[in-house]
Each structure stands twice: as structure tokens, then as C-alpha cells.
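Colleague: Please see the structure below; I have some questions.
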Amino acid sequence: MSPQESLEELQKGIQALQRQNYPDAIAYLENFCKYFPDNESPYFVQAEMSLVRAYRGQGEQEKAIALCQSLAHKPNQEVASWARSLFKILTIDDKSSNESRSTEQYFLNGPRADETNVKIAMPRVADSLKFAKVITLIFPFLALFIVLFSFSSLLFHANLLFGGLYSLLASVLINGLFFLLSTWLIDQIQEQFYQTRWGTFNEIQRHSPETGELLLRLCREKRIKLPKLGVIEDGRPIAFTYGINSNEARLVVSRGLLEGLSDDEIAVVYTHELGHILNRDFRVMTLVSGWGQCFYFLYLGCEKLAQKSKLWHAIAFILALPCYGLFQLNNLFNTYLSRTREYYADHFAITHTGNPNALVRALVKIPLIRIQQELDATQAAPFLLGMQNFSISFPRNSMAAEKTTQLNPQSLGKLLLWDLLNPWSFFLELISSHPLIGKRIQVLTHYAEQMDLRTELNMAQMQQDANSINRNILYLSFFLELGFVSFPFLGFIAGLIFFLNNQFMALHLLNPIFLGIGLGLLCQIAIATLFSGKPKEEDLQSLCYSPYPSPFWSRSVLWQGQLQAANYKTLWGKPLYFHDQKAIIPIRHNLFGKVWQKLFKHHSSGVLMLESFIEIKGGFRRRLSSYLELKSISNDEINITSYPQLWQLITAIAIILLAFIIK
């Protein structure tokens, strides 16, 4: 192998290491070291240093330690000092690994860098932040222009140029109005619905002295005013920032975050939010969320109205549906920027705190604390939905299924396998307001490795778990499910082809199309019912760890445990949960009226069904968060049945009827 070819191997090895592809990195780097002629060359030393990191990532501690000892005797003092420092970390890793085999409980407590303002390279996991901001700003203007132009073309069909200019001007004026009102609207929602109070710097500093020092230092260095600090009086953790001017930004956290996280975890969360301010993406999110927040304000007003009486509840429900739909549509438009900016804010936080492990712990703890607080809460938390695109993490994170506030690294790695391996994760992330937690923690682990820190997540163990997964089954299931999901679309295509046949041109276009879509939905229901299989007594926690569950094809399960309903009611009813000793999962059901009331009535034994030990049958699904589609609940005295595909069946029948009604 020529020296030039060897250098190419070195470059490939470094790139594989950056992607955390440790087996390939080891192969390329070992090949380089084998054939490169000059053992004292800086290239050779760089290869050996990279090889130590690759061995460590792959879990080959003995090789990493041996090579590190060799580097410690290099004449280059910087290299020798680096090797001696890393040698200490490797020996701790090795000791921890041996102890972990006999220790049942782990506690996440990884180290941090000795200095702040560290330089770390951000991997190519996100698009340009500037590009995301421009696209997001253009979208509301373009969408509103298309809607207005469609209407104006009907009014001014003789003069499309005039209609176009009218639509353009109206789009600019309407969006401009919402842009101007966006901060004020969010302020009003904060005060009227979120129970936000504007705290003081001293209050935040009491909870986290490091946060106080970081905020003062960074604001002074970046020459901006300290943000207006808010606290939501609620136990469910959240953190977000909004505003238009960097010197008048609002940075809000909940009491649950201040009480549930440690000093350094709170500090890295605040630094993350400050990153949004200094990256200036917070102002774009605020501007483009204006009309969405307006509809959410109306939706919350409807929820308040629904509490008056049953009649008002029915009226409020009808009024709330379009408001809720338009708010979610606005959220969907903004997910690209919301998702992209999180990677940049994470990078900013790690750069200025040198503490990637604290952010990993915070991202893990937030959903775990939230689900525990949710069960004890006496009122809903509208800020979790309203500020979803602004918050530090996705509120309904799948890790909330863990019934604990502590996770060991092995369990954490298993929980993240679905995010990293399941083919559906790529498509679901496209409609997610945040990066999938597995991919986000993987990037933070990469930062920790760049700083030669022992990481919270055992990537070597995770790699072993990933290698044990049968990828053929994973992808075969994916393509079969893709065909299953596409039945309504295939029905649409078949209906369109049917219409284009000359013999049926007299029909209305929508007749065959609606018929095809309706029949496609009926085929979905029939296949799902026929091939659902017998319920399996699979452990809930094991299913949460599995990379195989699908977002569209439910896995039939039979569990034993307890039900728990939330202590508050929303427009959609009371949230319902199932839990056993290890995990908890939300339930989706079609229980209403007298059937729903059975859960809250005392039976002959004098015990509420919600308090008794029950057997539950349903379908487990894994989307951005896991949930159970309820089929039946039973105990010694009573059996309650739910029909998870009821609304899909009603929708299919309604579409087929429309196909025959439309003339």
C-alpha cells in the first residue's frame, strides 16, 4: 500500500469514528498503522489516538489501555499528557464495567470537562439553521397566498393579475399582523392559562447557582440583556424561550424542572435555551407561531367554557375542533425549524458548559418526571401542548413509559434502539417537533467522546444490542406495513383510473375516488382484524425496549396490572393509563357514557375497577410515544369491551356513502 493510499485509509477511519461506526473505524485505522512507513509521523500518532477512541467506543478496553500506555511515552508532551489523562478515564471505565456485572442498579452521573468554552465539531445531523429559518418564514406567506389566490380567482376570474396582487398584499398584511401580535399573544396565554409568574434572577440562582453564573457571564460576553425569567407553577417539567428581540426575550421553566433536576442539569437547560436566543431562531419561531397561538388561545377559551355545563361542553367541543386543528396545522408547518434548531442549541449548550452528560441526564429525566407528576396532577398542563414546538424536548416522549426517575445506561441504550434502527423512525421524525431522543443523545455522546469524557450511554453495549437485532425481519416488516398503510392511496389511484376510463367519464370525479378510498380503509380494517393474532403475555417494559413494534400495525398483548385515570378532565375526557410494577403507558379507547362510568363505580366487593387488579387486552403501538389501543378490561366481576377501529370503520362507511350521494 502506497503512502497516499494509507492516508486515504486514515481519512476513512477518522470519518467512521465521527459517525460512531467503531468497527469500520478500527479496520481502517489498523490498516493504516500496519502499512504506513513512518511510526513517528504526526499522521501515525493521529491514527493511534483515534484508534484508542475507537477501541473505547467498541468496548475493547484492554486494547485501548495498552495503546494508551504506549502513547504516554511519546516524546511529544501534548500527546503524552493526553494519553495519561485518558488512561485514568479508561481504567475507571474498566472498573465500572466490571462492577456493573454484579450491580443491579445504575445511576447516571457522567463527568464534565474541566473548562467551559470548549471547541467541539458538530456532526452533519441537521441542515443549515439559516436555511431552515428562511424556509419557515416563507411558508406562512406562501400558504396564505395560495388560499387567498384560490378565492380571488373566483371573484376576479377576468383579471388574474389583480387577484394575484390582492392576494399577495393581503397575505403580507395578515401575516404581518400576526407577527406583530405573536409575543403579546403568548404573554396573554402565559398569564391567563399557564399560571406563569415572572420570577427574579435570585430565585433561579437559589435553585441553581451555576445557572446564575452562566447566565450573567454569557449575557455579558454576548452583550445582550438578561432574559425575562418566568416560572410556571406546575410539577411537570418544561423549558422554552420566545420573543422577537434578543434584549426582550422570555425564558420560562416550570417548577417541576427546577425541583426535579440537579444544579448542573438546570444550568445546561438554561444554556440550551439561551442558545436559541443567541442563534436568533427563537424570534423566527415566535413570528411564525403567531396565528397558531391565536387559535390555541381560542381553543383554551373553549375548554374553559366547557366546564360550565353539559350543554356548554357540547357547544365548546364543536367550536374547539377547528381551532385545535388549525393550531396543529401551524405546528406542523414549523416542525422543520423546530427540529433543526434543537441540534444547534444543544451544540451551543455543550460548547459553553462542557457538560454533555448533564444534558443527556436532563433529556432522560424530563419525560420520566412528567409522567409521574401527570398521575398526581389535579389539572391539565396546557403549556405542554401549546409550547410543544418551543420546548426543550418532545412532551410525549416514549421514555415516559419507564416507571422510574432513574435509568441505568444499559436500559437507556435499549430504549433508544427503536429510534436508531426502526425504518419508521425516519418518517415519523419528519413530522416531529424535535429530533428523536435516541439520535439526539447519540450526538451528545459524540460530543462527550470528543472531550474524552466517560459517557452516560454505553455505546459499546448499545452496538452489541444493535448487532443482535435481525435487520431482515425489521425491514421485511417495514415493507409489509408500508403496503398495509398504502391501501387507501391505492384505492384513490384505482378510483382515478376507473374515472379516466372513457366508459365512465359521465360519472362525477369524486364518485370512484371516494369509493376507492373507502374500500381501501375497509381492507385495512379487515386485514388488521383477521391477522391481529392471539394476545401475547409480553412484558410492557420489554416491548418498550424492542426495536420491532410498528406505528401502524398493533401488536396484540395481554397484561395484568392496574388502571389509573388522571385527576382532571379535558375536552377529550380523562386521560387513562395502565401500569404494572416496571412501566406505564397511556391508553386510547372508545369508552364513553355508561360504559366509561363503570370504571368509577363501586362493585359488589366495594372496590373501584380503577383500584383493582385487572387483566387488559389491546394493541401496542410505537409512534413518537408508545400507547395501547384498548380492546377489553376485566377483573373478577366485570368485563368492559372497547373497539379500537370503530372510528376508522365509521369514516370508511361515511366516505363510501359520499361516493353514492355526490352527483
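The values are calculated or read from the model by the stated rules, or taken from the named source; none is laboratory data. From a predicted model like this one, the values you see are computed outputs, not experimental measurements. Positions of Cβ are backbone-derived with ideal geometry, glycine not excepted, and every protein chain shown enters the neighbour counts. We work out accessible area using only protein heavy atoms, side chains counted, and drop any ligands, DNA or RNA first. Shrake-Rupley method; radii C 1.70, N 1.55, O 1.52, S 1.80 Å.
Colleague: Tell me, what % of the accessible area of the range 147-275 is carbon and sulfur with a 1.4 angstrom probe?
Modeller: Using a 1.4 Å probe with all protein chains present, the range 147-275 comes out at 63 percent carbon and sulfur.
Colleague: Can you give me the accessible area per residue for the range 34-95, using a 1.4 Å probe, in Å²?
Modeller: 56 Å²
Colleague: In addition: Find out how many positive minus negative residues lie around Thr200, taking Lys and Arg as positive, Asp and Glu as negative, among other residues whose Cβ is under 11 Å from that of Thr200.
Modeller: After counting each charged neighbour, the total is +2.
Colleague: Could you order Leu161, Leu658, Leu274 by accessible surface area, starting with the largest, using a probe radius of 1.4 Å?
Modeller: Result, largest first: Leu161, Leu658, Leu274.
Colleague: Compute from the Cα atoms of the chain the Rg and the Dmax, the latter being the longest Cα-Cα distance, and quote both in angstrom.
Modeller: Answer for the chain, Rg first and Dmax second: 27.9, 88 Å.
Colleague: With a sphere of radius 13 Å drawn around the Cβ of Ile315, what net charge do the other residues whose Cβ falls strictly inside it have (Lys, Arg +1; Asp, Glu -1)?
Modeller: So the environment of Ile315 carries a net charge of +2.
Colleague: Leaving ligands, DNA and RNA out of it, rank Lys365, Lys63 by accessible area with a 1.4 Å probe, largest first.
Modeller: So the residues, ranked largest to smallest area, are Lys63, Lys365.
Colleague: Express the accessible area of the range 446-597 per residue in Å², computed with a 1.4 Å probe while the remaining protein chains stay in the model.
Modeller: Spelled out: the 1.4 Å probe surface of the range 446-597, per residue, equals 53 Å².
Colleague: What share of all Cα pairs of the range 230-352, in percent, falls into each consecutive 5 Å distance bin?
Modeller: Calculated over all Cα pairs of the range 230-352, the distribution is 2, 11, 15, 16, 18, 15, 10, 7, 4, 1, 0, 0 percent.
Colleague: Taking the Cβ of Ser550 as the centre, find all other residues whose Cβ is under 11 Å away and add up their charges (Lys, Arg: +1; Asp, Glu: -1).
Modeller: Surrounding charge for Ser550 is +3.
Colleague: Separate question: How long are the semi-axes of the ellipsoid equivalent to the range 346-400, from square roots of 5 times the Cα gyration tensor eigenvalues, in whole Å, largest first?
Modeller: Working through the eigenvalues yields semi-axes of 25, 13, 8 Å.
Colleague: May I pose another question? Can you give me the P(r) profile for the range 143-222? Cα pairs, bins 10 angstrom wide beginning at 0, each as a whole percent.
Modeller: 16, 21, 20, 16, 14, 10, 2
Colleague: Which lysines, if any, have their Cα less than 16 Å from the Cα of Lys308, not counting same-chain residues under 8 positions apart?
Modeller: Lys569
Colleague: Using a Debye calculation, one point per C-alpha and no hydration shell, please list log10 I(q)/I(0) for the range 617-663 at q = 0.26, 0.33 Å⁻¹ in order.
Modeller: Per q value, in the given order, log10 I(q)/I(0) is -0.93, -1.08.
Colleague: Here's another thing I want to ask about it. Considering only DSSP beta bridges whose two residues both sit in the chain, what percent are antiparallel, to the nearest 5?
Modeller: Percentage antiparallel, nearest 5: 80.
Colleague: If you count the DSSP beta bridges with both ends in the range 204-298, what percent of them are antiparallel, to the nearest 5?
Modeller: Given both bridge residues lie in the range 204-298, the antiparallel proportion sits at roughly 45 percent.
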